[in-house]
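> One structure, pasted below without further comment.
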Amino acid sequence: MPFEFHINFIDVMLKGMIIGMLASAPMGPVGVLCIQRTLNKGRWYGFVTGIGAAASDIIYALITGFGMSFVMNLVQNEHNRFYLHISGSIILLLFGIYCWKSDPTKKIHISGNQKGSLWHNGITAFLVTFSNPLIILLFMAAFAQLGFVIPDHPIGMTLGYLSIIAGALLWWFGLTWLVDKIRGKFNTDGIQLINKIIGSCVIVFSLIILFGTLFNLYSFTY
């Protein structure tokens, strides 16, 4: 039915945006770099740093999605899908705990006084993010939990991947806007606070899905 068709597309878009923000939010090296550049060079230099990170993330998201599409026959089985959701929840939970306990300020990179071009700032952020292929594990967990991969639906998946980019850019735009507005009050304590809030949100999100899966409160379909 047409109504159901549109609901499915909206569902894919929402899942994609959640995944994009989830991949971008933790205060890793590029997150700290984004904040530093916003404070030292200006908001748009920070945002371009986020764009570079988002470009790297979408490459790893595509690699993850194409890889998972080859094993979708395996997870068509309800029993296998149950364990996939459980393992995805545990990975997200561990990631949230790591994020909450980590100190991103230890990874601060002291940049020079030269602003450089916007292109230079974006490319360096891309390289910093692309040098960490472990992001694939996060994408695998998120894709499994949200039932994001839909084989043989190229239009839907294209929309989904575009939504991942949109979610990532929305995060970086909001972060640079916030840091720019409170630049006089922002310090390393602010970075640590953001990281703990993000870690707490990931922990709560993973526990909700974990218990929901265990007690059959809902199920994601492929």
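> Would you mind finding the one in S200, S206 that is at pLDDT 75 or above, among the hydroxyl-bearing types (S, T, Y) and in contact with a Leu (Cβ under 8 Å, 6 or more places away or on another chain)?
Unique residue meeting the criteria: S206.
> Within segment 14-28, is there a residue that is in a helix (DSSP H, G or I), under 14 Å from the mean Cα position of the chain (by Cα), under 20 Å from L118 (Cα atoms) and aliphatic (A, V, I, L, M)?
No, segment 14-28 contains no residue that is in a helix (DSSP H, G or I), under 14 Å from the mean Cα position of the chain (by Cα), under 20 Å from L118 (Cα atoms) and aliphatic (A, V, I, L, M).
> Within segment 133-153, take every residue that is touching a helix residue (DSSP H, G or I) at 6+ places or on another chain (Cβ under 8 Å) and open to solvent by 60 Å² or more (accessible area, probe 1.4 Å) and give me the one that is nearest to V48 (Cα to Cα).
Top of the filtered list is P133.
> Another question about this same structure. So is I90 modelled with pLDDT of 80 or more, touching a helix residue (DSSP H, G or I) at 6+ places or on another chain (Cβ under 9 Å) and under 22 Å from I197 (Cβ atoms) or not?
Yes, satisfied.
> On to the next question. Report, ordered by the first and then the second residue, all pairs with beta carbons closer than 9 Å, sequence separation of six or more or different chains, a first member in segment 184-200 that is of a type in the set (D, E), and a second member that is at pLDDT below 80 and open to solvent by less than 80 Å² (accessible area, probe 1.4 Å).
Note: pairs meeting the criteria are D189/T105.
> Could you give every pair whose Cβ atoms fall below 9 Å, whose first residue belongs to segment 40-57 and is touching a residue at least 60 places away in the same chain (Cβ under 8 Å) and basic (K, R), and whose second residue is open to solvent by 40 Å² or more (accessible area, probe 1.4 Å) and in a helix (DSSP H, G or I), counting only separations of at least 6 or pairs across chains?
Filtered contacts from segment 40-57: R43/W177; R43/D180.
> Taking the conditions exactly as written (closer than 14 Å to N8 by Cβ and either out of contact with any Leu (no Cβ under 8 Å at 6 or more places or on another chain) or modelled with pLDDT of 90 or more (or both)), does I155 satisfy them or not?
Yes.
> Something else: For K106, are the conditions met, namely being part of a helix (DSSP H, G or I) and modelled with pLDDT under 85?
Taking the combined requirement at face value, the residue satisfies it.
> Sticking with this one: Within segment 201-212, take every residue that is surrounded by fewer than 18 Cβ atoms within 10 Å (Cβ to Cβ) and over 15 Å from the mean Cα position of the chain (by Cα) and give me the one that is farthest from A144 (Cα to Cα).
That would be V204.
> Sticking with this structure for a sec: Among the residues of segment 154-174, which ones are surrounded by fewer than 22 Cβ atoms within 10 Å (Cβ to Cβ), under 28 Å from I90 (Cβ atoms) and over 13 Å from the mean Cα position of the chain (by Cα)?
G156, M157
The values are calculated or read from the model by the stated rules, or taken from the named source; none is laboratory data. Keep in mind the model is a prediction, meaning the values are calculated, not measured. Every residue, glycine among them, receives a Cβ derived from its backbone with ideal geometry; neighbour counts consider all protein chains shown. Ligands, DNA and RNA are excluded from the accessible area calculation, which covers all protein heavy atoms including side chains. Shrake-Rupley method; radii C 1.70, N 1.55, O 1.52, S 1.80 Å.
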